[in-house]
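Student: Starting off with a structure, shown below.
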Protein chains: 2
Amino acid sequence: MTVLLDTISQNCSECPIRHRAVCARCEPDELDELEQIKFYRTFEAGQTIIWSGDKMAFVGSVVSGIATLTQAMEDGRTQMVGLLLPSDFVGRPGREGAAYNVVANTDLVMCCFRKKPFEDMMVRTPHVAQRLLEMTLDELDAAREWMLVLGRKTAREKIASLLSIIARRDATPGKRGPTDQMVFDLPLTREAMADYLGLTLETVSRQMSALRKDGVIELAGKRHVTVPDMGRLMEEAGDDSDGGMLG
Amino acid sequence: MTVLLDTISQNCSECPIRHRAVCARCEPDELDELEQIKFYRTFEAGQTIIWSGDKMAFVGSVVSGIATLTQAMEDGRTQMVGLLLPSDFVGRPGREGAAYNVVANTDLVMCCFRKKPFEDMMVRTPHVAQRLLEMTLDELDAAREWMLVLGRKTAREKIASLLSIIARRDATPGKRGPTDQMVFDLPLTREAMADYLGLTLETVSRQMSALRKDGVIELAGKRHVTVPDMGRLMEEAGDDSDGGMLG
DNA sequence: CGATCTCCTTGACCCAGATCAAATGGGACC
DNA sequence: GGTCCCATTTGATCTGGGTCAAGGAGATCG
């Protein structure tokens, strides 16, 4: 962890910020400016990073680990509304408070920018605002696609949808088999999966078992998943088109 | 309708674009430029404005009428993912195709801008991009709040949530009674409400009847709703905080 | 004035998924 | 090895909302 942090802070070359988010089209001098207001924060598994309604002092993106966005009702019912994987962006430039809880699901490292100077820079460099607009539109698409999952899909389809999204996000070359096979570790507990899918953890467990029995997935231990045929999984998810939930 | 259109095209003074969306912070010369690429389109009730996947040639906002954004599965299950009321914005600057169907629920007038010149202008005028970013963040918040409704609320809570959102959107001064009372006409059929809430139309009808029986709402005809006590309605919706679904 | 169409309501029954409860299976730590 | 402490699985039962089916209540139209 410390090693990773040091590596990154030397030159950000590994920092996902540079690849996917705001820096994608930045000039060298703009990157230098960002470097000035950049800092890293680490969180422990289970720690709440931001409480809904809190004033946020930073924006940034996930370097390593998993975080989730959750909405909660007074009586304790909770719904996960986003999944933050490495390189995903957190923050609401131009907005005061957070709209939902952000929780670290695993130990987590974030690459942050102080919010005020970041916003100032955004005003001066149009392409940063445009990049953020694009990212936000992607998130909006993902959220709306997830609304279909929550509102209309069966438990089995929901599980298959989640697995296929995680599989796709995790699709680093090398993890791909020669066939359509795909292997990954679930980054979520059954309970977290349930909160994502609007189900109970028992139903999640039962449907995982059912998918295993039917040969759609193979399970080694509780978390290690092999999908022998992604096409089959996506069929089970109830859509062939499909898109990615970004968080 | 025609009168409205003429009034607007004279000087846009009634055009919601100017108030809420991209023009909010525009200088006079920028407004002139927008005027150049502006045009109006009308749609009939039931007409599909944009098909999911289509290339969109314009962005714009609703002047009058109601439209909805819907996602559909191959087997016909549909989920409404957004409600477009007058002044709401439609479009994805910087994105090629539409991500979902946009359907006119009533006769509809839209104020449109040709997409390409609009995007060109966006590049030159940072505050337009920023305004769009803000709007998109609002929509994202609304979508995520709706995910909680879809994933975790009961049928009764879902209905109450929808009614309270529509009541709030419809809260023009004058329609407010002296008390906490609120009166409005439902812009949606029972079926459309069901598609929005992830329910069947029968369940929607039953829960509407139940809320009427319990005195939470009063119904005159099928669509005219009186809410004697908004506080009570929001309690039924299961949240006191609450926020608006913008579409 | 009926005829028809669309939207809505209500009833009867059923099932997917929730709830309640108990058992299993690793890790970590002594 | 033993014993917590978890996450997870599995079983038994219950129920909210879906499904199927039969009216009713306005509109519109001849």
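The values are calculated or read from the model by the stated rules, or taken from the named source; none is laboratory data. This structure is a prediction, so every number in the text was calculated from the model and none was measured. Quick reminder, even Gly has a Cβ in these numbers, built from the backbone with ideal geometry, and neighbours come from all protein chains shown. Note: accessible area is taken over every heavy atom of the protein model, side chains too, but ligands, DNA and RNA are not part of it. Shrake-Rupley method; radii C 1.70, N 1.55, O 1.52, S 1.80 Å.
Student: Sticking with the crude label model, points 7 Å out along Cα→Cβ, report the distance from residue B:202 to residue B:72 in nm, one decimal please.
Tutor: The modelled label-to-label distance comes out at 2.4 nm.
Student: Estimate the FRET efficiency between residue A:123 and residue A:170 by the formula 1/(1 + (r/R0)^6), using the beta-carbon distance for r and 35 Å for R0, to the nearest 0.05.
Tutor: 0.45
Student: Ordered by packing density, taken as the mean number of other Cβ atoms within 10 Å over each peptide's residues, highest first, how do A:188-196, B:120-128, B:36-44 rank?
Tutor: A:188-196, B:120-128, B:36-44
Student: What's the magnitude of the charge dipole for the stretch A:153-237 around its Cα centre, counting Lys and Arg as +1 and Asp and Glu as -1 at the beta-carbon? Answer in Debye, nearest 20.
Tutor: In debye, rounded to 20, the stretch A:153-237 gives about 80.
Student: Can you give me the C-alpha center-to-center distance between the stretch B:97-156 and the stretch A:33-103, rounded to a whole angstrom?
Tutor: Using only Cα atoms to place each centre, the spacing works out to 23 Å.
Student: Ok, one more. Give me the percent relative contact order of the stretch B:153-237, please, defined on Cα pairs under 8 angstrom at least 6 residues apart.
Tutor: Relative contact order here is 42 percent.
Student: Turning to a different aspect of this structure: Run down the lysines and flag those whose C-alpha is under 29 Å from the C-alpha of residue A:222, throwing out any fewer than 8 positions away in its chain.
Tutor: Qualifying lysines at Cα under 29 Å: A:153, A:158, A:175, A:213.
Student: State, in square angstrom and to the nearest 100, the accessible area buried between chains B and A, both chains counted, probe radius 1.4 Å.
Tutor: Summing both chains' loss of accessible area gives about 4400 Å².
Student: For peptide A:108-116, compute the average count of partner chain beta-carbon atoms within 10 Å of each residue's beta-carbon.
Tutor: Across the residues of A:108-116, the mean count of other-chain Cβ atoms within 10 Å is 0.
Student: May I pose another question? So, with a 1.4 angstrom probe, what is the percent of accessible area on the stretch A:153-237 that is carbon and sulfur?
Tutor: With neighbouring chains kept in place, the figure for the stretch A:153-237 is 50 percent.
Student: Okay, next question. Using a Cα-Cα cut-off of under 16 Å, which lysines could be cross-linked to residue A:115, ignoring same-chain neighbours fewer than 8 residues away?
Tutor: A:38, A:55
Student: Another question about this same structure. Hey, rough spin-label estimate for residue B:107 and residue B:55, points 7 angstrom out along Cα→Cβ, what's it come to in nanometres?
Tutor: Here the answer is 3.3 nm between the modelled labels.
Student: For the stretch B:26-128, what % of the accessible area comes from carbon and sulfur atoms, probe 1.4 Å?
Tutor: 51 percent
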